[in-house]
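Below is one structure, written out as structure tokens, with a few remarks after it.
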Amino acid sequence: MGGGQTLFAQGILHSGAKYGLGAAPPPPAYRRALALWEEALSGQGLVPLDDVPVARGARWMWPVDQAGRARLQQLAQLDPLLSRAERPYPPALRRAEGLYRLAEPSLDVGALIRTLAHRAVPRLVHLDPLDAAWQLGEGGRCRLTWRAPALRVDARRLILCGGAGNAALSERLTGGPRTQRRPLHMVMLRASSLPALSLHVVDAGDGPVLTLTTHLDGDGERVWYLGGGLAERGVARSPAAQIAEARRLLGALFPDLDLGGARWETLRVDRAERWQADGRRPAGPDLVAHPQALVGWPTKLTLTPLLGKQVVEALAAEGLRPSAPLADEALRGLPQPPPGAPPWRRAG
């Protein structure tokens with residue numbers, strides 16, 4: 001579970017501020033989604049998540065050009081989550097100029113997946129929908145039939161939220177909506193010398209030059225997970241070239257940091273989204289009420305509560321409510337999906 005796009009996320013519940021440095025204001029969907037997350041993390045709302053570990057220390061915003069510093073100063077006057085940082089800065093950031101602090105929480109994505117699985121009613125089963133025979137009727141009714149295991153599912157509405165898998169699933173629909181993929185080439189490095197940092201390195205562009213988060217691997221060693229512009233512009237690079245570029249960038253930002261013994265790794269991730277004519281990132285989550293199915297893409301981890309809210313509201317508008325949970329006996333013998341682990345927890 002979560003072994004595609006979700007567990008490769010850096011776990012940041014983005015406020016949208018990192019997109020506000022360009023000419024366009026940050027999309028408002030991010031603040032609405034953040035409020036839903038806070039409700040869930042406090043144990044309220046549709047899906048209580050109060051046992052998911054959350055880091056609430058402010059994230060650093062490090063502007064590396066004059067235009068970025070000017071834009072951050074403007075945003076800080078409008079955004080209560082963004083504030084000018086006072087010196088002394090942390091030792092690793094002592095060479096920085098004009099640092100800001102951004103109040104964005106971060107989740108343990110592995111714990112999030114485990115909590116969602118534990119609280120699922122009925123319990124989850126793992127069946128490949130592409131192995132089933134599909135019979136799609138009017139008003140979204142569907143029948144999926146598997147031969148092994150012998151199983152038939154009759155549903156009043158089919159909901160497709162398969163991330164990158166939505167492309168193949170949507171092909172089963174008549175005129176189904178299209179999925180686009182925007183790839184990333186992430187970088188991880190492990191070293192005992194790494195300080196615990198969480199920051200966006202920004203300029204006046206649309207999105208950070210680098211987003212850096214710190215995690216612990218299975219042995220308790222610190223891992224830096226690098227995304228942002230480095231991962232977006234590194235798609236065409238080989239792993240060796242991407243690591244070389246990451247070394248260069250970190251060397252410029254942290255010239256005093258000894259990375260001689262670091263272990264490096266790259267990971268390729270596909271961000272799955274609803275197709276956009278210009279190929280750019282959608283401004284929020286997308287839900288298409290297709291005659292044969294509801295098809296949804298959260299766009300980013302932060303926006304998933306908004307997509308869930310849209311699904312619930314779409315079903316309610318059709319007069320649909322959840323049926324009574326199936327008894328465990330009805331699901332006995334069916335395969336269950338094991339929770340996945342984020343990449344920094346695996347052997348590197």
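The values are calculated or read from the model by the stated rules, or taken from the named source; none is laboratory data. Since the model is a prediction, treat every value here as computed from it, not as a measurement. Ideal geometry is used to build each Cβ from the backbone, glycine not excepted, and the neighbour counts take in all protein chains shown.
Starting from segment 86-113, take each residue that is under 19 Å from GLY68 (Cα atoms) and without any contact (Cβ under 8 Å) to a residue 60 or more places away in the chain and list its partners that are of a type in the set (Lys, Arg) and surrounded by 14 or more Cβ atoms within 10 Å (Cβ to Cβ), counting only C-beta distances under 7 angstrom and pairs at least six apart or across chains.
Partner pairs satisfying both residue conditions: GLY98/ARG69.
Is there a residue being closer than 30 Å to GLY220 by Cα, surrounded by fewer than 17 Cβ atoms within 10 Å (Cβ to Cβ) and not small (Gly, Ala, Ser) anywhere in segment 292-308?
Scanning segment 292-308, I find no residue that is closer than 30 Å to GLY220 by Cα, surrounded by fewer than 17 Cβ atoms within 10 Å (Cβ to Cβ) and not small (Gly, Ala, Ser), so the answer is no.
Take ASP65 and decide whether it is over 17 Å from LEU199 (Cβ atoms) and among the charged types (D, E, K, R).
no
Scan segment 185-220 residue by residue and report those that are of a type in the set (Asp, Glu), surrounded by fewer than 18 Cβ atoms within 10 Å (Cβ to Cβ) and closer than 30 Å to ALA70 by Cα.
Answer for segment 185-220, where residues must be of a type in the set (Asp, Glu), surrounded by fewer than 18 Cβ atoms within 10 Å (Cβ to Cβ) and closer than 30 Å to ALA70 by Cα: just ASP206.
Since ARG31 meets every condition but one in (1) within 30 Å of ARG119 (Cβ to Cβ); (2) in contact with an Asp or Glu (Cβ under 6 Å, 6 or more places away or on another chain), which condition does it not meet?
ARG31 satisfies all of (1) within 30 Å of ARG119 (Cβ to Cβ); (2) in contact with an Asp or Glu (Cβ under 6 Å, 6 or more places away or on another chain) except (2).
Mind listing whichever residues of segment 284-319 are of a type in the set (Gly, Ala, Ser) and either in contact (Cβ under 8 Å) with a residue 60 or more places away in the chain or in contact with a Ser or Thr (Cβ under 7 Å, 6 or more places away or on another chain) (or both)?
The answer is GLY284, ALA293, GLY296, GLY308.
Within the bounds of segment 134-149, is there any residue that is within 22 Å of the chain's Cα centre (by Cα) and either closer than 25 Å to ILE12 by Cβ or modelled with pLDDT of 90 or more (or both)?
Checking segment 134-149: not a single residue is within 22 Å of the chain's Cα centre (by Cα) and either closer than 25 Å to ILE12 by Cβ or modelled with pLDDT of 90 or more (or both).
Going residue by residue through segment 221-233, is there one that turns out to be over 18 Å from ASP270 (Cα atoms), modelled with pLDDT under 95 and crowded, with 19+ Cβ neighbours inside 10 Å?
No: zero hits.
What are the residues in segment 37-70 that are within 23 Å of GLY228 (Cβ to Cβ) and small (Gly, Ala, Ser), if any?
Passing the criteria: ALA55, GLY57, ALA58, ALA67, GLY68, ALA70.
Which of the residues spanning segment 74-122 are assigned to a helix (DSSP H, G or I), over 30 Å from THR304 (Cβ atoms) and in contact with a Pro (Cβ under 8 Å, 6 or more places away or on another chain)?
Within segment 74-122, PRO91, ALA92 meet the criteria.
Condition first: farther than 26 Å from PRO305 by Cβ and of a type outside the set (Ser, Thr, Tyr). Now tell me which residues in segment 169-181 satisfy that.
GLU171, ARG172, GLY175
List, please: which pairs have Cβ atoms under 7 Å, are six or more places apart or on different chains, and start with a residue in segment 320-344 that is closer than 30 Å to ALA9 by Cβ and end with one that is at pLDDT below 75 and surrounded by 12 or more Cβ atoms within 10 Å (Cβ to Cβ)?
Here the result reads PRO325/PRO122; LEU331/PRO122, each pair linking segment 320-344 to a residue that is at pLDDT below 75 and surrounded by 12 or more Cβ atoms within 10 Å (Cβ to Cβ).
Go through segment 199-210 and report how many residues are more than 15 Å from LEU99 (Cβ to Cβ) and modelled with pLDDT of 90 or more.
Result for segment 199-210: 0.
Could you tell me whether any residue of segment 23-34 is modelled with pLDDT of 90 or more, surrounded by fewer than 18 Cβ atoms within 10 Å (Cβ to Cβ) and not charged (D, E, K, R)?
no
Checking LEU250 against (1) under 22 Å from ASN166 (Cα atoms); (2) at pLDDT 95 or above; (3) buried (at least 19 other Cβ atoms within 10 Å of the Cβ): exactly one of these is not met. Which one?
(1)
Among the helices (runs of 4 or more DSSP H) contained in segment 162-255, which hold 2 or more residues that are over 23 Å from the mean Cα position of the chain (by Cα) and free of Cβ contacts under 8 Å to residues at least 24 places away in the same chain?
Filter on segment 162-255 gives 239-253.
Give THR179, THR115 a once-over and let me know the one that is within 30 Å of THR213 (Cβ to Cβ), out of contact with any helix residue (DSSP H, G or I) (no Cβ under 8 Å at 6 or more places or on another chain), surrounded by 17 or more Cβ atoms within 10 Å (Cβ to Cβ) and among the hydroxyl-bearing types (Ser, Thr, Tyr).
From the options THR179, THR115, the qualifying one is THR115.
Residue by residue through segment 43-61, note down the ones that are within 25 Å of HIS215 (Cα to Cα) and either modelled with pLDDT of 95 or more or in contact with a Leu (Cβ under 7 Å, 6 or more places away or on another chain) (or both).
Within segment 43-61, LEU49, ASP50, VAL52, VAL54, ALA58, ARG59, TRP60, MET61 meet the criteria.
Quick one: GLN44 ticks every box in (1) free of Cβ contacts under 8 Å to residues at least 40 places away in the same chain; (2) over 18 Å from LEU199 (Cβ atoms); (3) in a helix (DSSP H, G or I) bar one, so which box is it?
(3)
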